[in-house]
Amino acid sequence: MPTYQYQCTACEHAFEIVQSFTDEPISICPECGKEVRKIYSNVGIVFKGSGFYKTDSQVKKSEAPKPTPAAVTPRPAKSD
């Protein structure tokens, strides 16, 4: 569940609370009982592993493409 930050508009008490997406937002300060506002901040995202970057699917210059094997035609069997 996400953690939300709130701050009181009267006493400036700042606090965090863990809430579900479906829970109603907090509207009353637990310290003084006045109105609070939700604080929005940047969210950090970390991409780990391969497949997230444009360069992950490119052929590197040092790697030459592998040649495809030519079709081999079988030789007819020798008869004695």
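Near I26, once Lys and Arg are set to +1 and Asp and Glu to -1 for all other residues with Cβ below 14 Å from its Cβ, the sum equals -2. Working note: Karplus 6.51/-1.76/1.60 with θ = phi - 60° gives the range 26-39 the couplings 5, 10, 10, 5, x, 8, 10, x, 8, 6, 10, 10, 7, 9 Hz, where Gly and Pro are set to x.
Under 13 Å from a label point set 7 Å out along the Cα-to-Cβ vector of Q19, the amide N atoms of the range 34-48 belong to 36-40.
Taking 25 °C and 0.890 mPa s as conditions, the range 1-41 diffuses translationally at an estimated 238 µm²/s according to Stokes-Einstein applied to its Kirkwood radius (Cα pairs). Near the amide H of K34, within less than 5 Å, lie the amide hydrogens of C29, all on another chain or at least 5 residues away, with H placed in the peptide plane. Exposure proxy shown here: for V36, V46, the number of other Cβ atoms within 10 Å sets the order, fewest to most, as V46, V36. Tally Lys/Arg at +1 and Asp/Glu at -1 over every other residue whose Cβ is under 11 Å from the Cβ of A14; what's the total? Cβ neighbours under 11 Å give a net charge of -2. A Förster distance of 22 Å, applied to the separation of the beta-carbon atoms of E31 and T3, puts the FRET efficiency at 0.70.
Only the coordinates and a few stated rules stand behind these numbers; no lab work does. Keep in mind that what you see is a predicted model, and the values were worked out from it rather than measured. As a convention, Cβ positions derive from the backbone with ideal geometry for all residues, glycine included, and neighbour counts pool all protein chains shown.
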